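Just below is one structure, and these are the notes that go with it.
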Amino acid sequence: MMMDIALARELRGLVSDDGRVIPANMIEKKYLSDALARMTGSAEALVFPVSTAETSALMDYAYRRDIPVTARSAGTNLTGSTVPLTGGLVLDFSRMNRLLEIDAETFCATVEPGILLGEFQQTLEAQGLFYPPDPGEKTSAIGGNIATNAGGMRAVKYGVTRDYVRGLEIVKADGSVLNLGGKTVKDASGLSLKNLIVGSEGTLALITKCILKILPLPRESKGALAAFPSLEAGIAAVNPLLKSDPTAIEFLERDIVALGEKYTELSFPLPGRAAYLLLAYHGNSKNEIQERLHLAREICENAGAEDFLVIEDAAAFDRVWQIRGCIVKAVEAFSEQEPLDIVVPINRLSFFINFVHNVERESGLRMVSFGHAGDGNVHLCVIRGGRSAEEWERVLKEVMPLLYRTAAAIGGLVSGEHGIGIAKQRYFLENTAAQNIALMRQIKAVFDPKNLLNPGKSYHNLLS
Ligand SMILES: Cc1cc2nc3c(=O)[nH]c(=O)nc-3n(C[C@H](O)[C@H](O)[C@H](O)COP(=O)(O)OP(=O)(O)OC[C@H]3O[C@@H](n4cnc5c(N)ncnc54)[C@H](O)[C@@H]3O)c2cc1C
């Protein structure tokens, strides 16, 4: 306790406001966990920096005393990647949340890491501008989005967070401040250090400023819902639908829609069907959208769709996306679940979904699947139901390796967008070439020679 008091006193000397240093005994649990709150770590202090200078001073202090540091922005990750495993400091960037600049000449916005995605998007849209990356959780923050290379619904047309990061300011483990990339469109100048930081889950450096590419807001948008007699039939339509230039293609099964309806108290159109593809289109004119929707209808009908509904009304469109957007929370409210975020090559999606259905039948485990069909990213929720802790652990041990191994065998990856954190570490290490993991660890050793930044996450385990 004495040590904590001394530590808190010293940390308070590094920030402009004492109230932003929280000692161990006063840290709320949520700052030691992630969105699912299944794992909780421990820390000697929680600090809310508000500037690069403070972050640098805090990191320099930690480096000189070998104190581990876990960064967090909004804490919405689903993988335990903000759980401090080895004590030390939690640096929470939620108060470093300013939009610093919108540069209309270079189509770049500069923000601090704690700015919330939803607020950033709304501010841009009010000015006729657009930031496409769209993970389902709008209360996540840009710093976390970059550190996890967040994806979301619109990746099929626009790509993922990495594609929008032009430049970063980072604080290295020793407290030094570096600028990587900038406002240029192209960059063929040496190794892309910026791209090493994207997706690094707080293990290489702290992100303190972000220069993001933005686009003009598309003039028109519209959605459609196609209902199919089976998920397999719907999935068969996904590849041909890519020709219609969709912004999003999401797939959902009936039982998951029912959970979403219950959770939101909203109703989904075309009730009672086995499976759906939810489509969104952006375009610059009504005609362009009409053409895309026309092609999409034709493709869905050829694939056996029972219905194809163009959602004309903006409020109805929002309701449908609200139901889709709440699914992780809706499933979680129903039962504990193991969330998976496997991504497979787009032409193997159908095979993988069929495989999942077979495993479901054979194991008796309930697995609800939904996700970003347009980019092969399958979100599976494996439902615990009434199983005891021992039984749950046993079936997970049997089934999980099977799912990950099969995905790897067809060219898939353990995570498409949520990252590895702790929750998927075992499967990641098992299904990634040993040389690749070794190289990742060597890179960490260069950035962070004392292993202080988010130790024990992703490619780095505590024994290496
Ligand atoms: C309901 C729900 C739906 C979701 N849907 C999606 C989805 O569709 N697509 C998707 O991609 N994700 C989704 N997620 C997961 C989550 O929202 C994303 O991973 C998001 O990018 C995390 O952002 P965050 O600000 O909450 O980061 P945090 O949870 O705070 O941190 C995530 C990781 O980033 C690191 N980090 C945070 N800030 C910094 C920083 N300043 N410097 C260095 N490292 C940092 C942390 O150490 C941690 O490893 C969903 C989550 C929920 C709860």
Problem - Rounded to the nearest 20 debye, dipole of the chain from Cβ charges on Lys, Arg, Asp, Glu - result: 820 debye
Fill in the blank from the handout: Burial-style ranking of 66-76, 258-268, average other-beta-carbon count within 10 Å with highest first, yields 66-76, 258-268
Problem - Sequence ranges 335-344, 206-215, ranked by mean other-Cβ count within 10 angstrom, highest first - result: 206-215, 335-344
Problem - Whole-number percent relative contact order across the stretch 141-221, with pairs defined as alpha carbons under 8 Å at least 6 apart - result: 38 percent
Practice task
For the stretch 150-267, compute Rh as the Kirkwood radius over C-alpha pairs and then the Stokes-Einstein diffusion coefficient at 4 °C and 1.567 mPa s; write the answer in µm²/s, rounded to an integer.
Solution key: 72 µm²/s
Fill in the blank from the handout: Thr79 neighbourhood, Cβ < 10 Å, K/R = +1, D/E = -1, net charge -1
Practice task
On a 0 to 90° scale, report how tilted helix 349-363 is relative to the longest principal axis of the chain, with both axes built from alpha carbons and the result rounded to the nearest 10.
Solution key: 90 degrees
Practice task
Report ³J(HN,Hα) in whole Hz for each residue of the stretch 293-300, in order, from the Karplus equation J = 6.51 cos²θ - 1.76 cosθ + 1.60 where θ = phi - 60°; Gly and Pro get x.
Solution key: 5, 4, 4, 4, 4, 4, 5, 5
Handout entry: Rounded tilt (10° steps) of 389-409 against the dominant C-alpha axis of the chain
Key = 70 degrees
Practice task
Compute the acute angle (0 to 90°) between the alpha-carbon long axis of helix 2-12 and the principal axis of greatest extent of the alpha-carbon atoms of the chain; round to the nearest 10°.
Solution key: 80 degrees
Practice task
Could you give the C-alpha radius of gyration of the stretch 117-210 expressed as a fraction of 2.2 N^0.38 Å, taking N as the number of residues it contains?
Solution key: 1.09
Practice task
Return P(r) of the stretch 332-464 (all Cα-Cα pairs; 5 Å bins starting at 0; whole %; ordered from short to long distances).
Solution key: 2, 10, 19, 20, 19, 13, 10, 6, 2, 0
Handout entry: Once the Cα gyration tensor of the stretch 220-327 is diagonalised, semi-axes √(5λ) in Å
Key = 21, 17, 10
Handout entry: Amide H partners (placed H, <5 Å) of Leu100, local residues excluded
Key = Thr110, Val111, Glu112
Practice task
Go through 413-420, 230-237, 36-43, 25-32 and give me the packing order, highest mean Cβ count within 10 Å leading.
Solution key: 413-420, 230-237, 36-43, 25-32
Practice task
Would you pull out the residues with amide H under 5 Å of Arg366's amide H, same chain only if 5 or more places away, H placed 1.01 Å from N?
Solution key: Ile383
Handout entry: Kirkwood-type radius of the stretch 2-94, with distances r between different C-alpha atoms, in Å
Key = 13.1 Å
Practice task
Could you pull the Rg and Dmax for the stretch 252-409, using just the Cα atoms, both in Å?
Solution key: 17.3, 58
Exercise for the section: Convert each backbone phi in the stretch 145-156 into a coupling constant with the Karplus relation 6.51 cos²θ - 1.76 cosθ + 1.60 (shift: θ = phi - 60°), then list the ³J(HN,Hα) values in order as whole Hz, x for Gly and Pro. Expected result: 4, 5, 5, 10, 6, 4, x, x, 5, 8, 4, 4
Practice task
Provide, as a two-decimal number, the C-alpha radius of gyration of the stretch 85-149 over 2.2 N^0.38 Å, N being how many residues it has.
Solution key: 1.23
Exercise for the section: Work out, in µm²/s and without decimals, the Stokes-Einstein translational diffusion coefficient of the chain at 25 °C, 0.890 mPa s, Rh from Kirkwood over C-alpha pairs. Expected result: 106 µm²/s
Practice task
Could you tell me whether the stretch 75-231 comes out rounded, prolate or oblate from its Cα gyration tensor? Rule is a ≥ b ≥ c as square roots of the eigenvalues, rounded for a/c under 1.5, then prolate if a/b exceeds b/c, otherwise oblate.
Solution key: oblate
Exercise for the section: Return the distance in nm (one decimal) between the two label points of a simple spin-label model at Glu105 and Asn358, each offset 7 Å from Cα along Cα→Cβ. Expected result: 6.0 nm
Fill in the blank from the handout: Under the helix-only model (-39500 (n - 2.57) for each DSSP H run of 4 or more, divided by the residues of the chain), the mean residue ellipticity at 222 nm, to 500 deg cm²/dmol, is -10500 deg cm²/dmol
Completion exercise
A correct Stokes-Einstein calculation for the stretch 5-58, using the alpha-carbon Kirkwood radius, 37 °C and 0.692 mPa s, returns a whole-number D in µm² s⁻¹ of 276 µm²/s
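No lab work stands behind these numbers, since they all come straight from the coordinates. Not measured: the values here are computed from a predicted model. All Cβ positions, glycine included, derive from the backbone under ideal geometry; neighbour counts span all protein chains shown.
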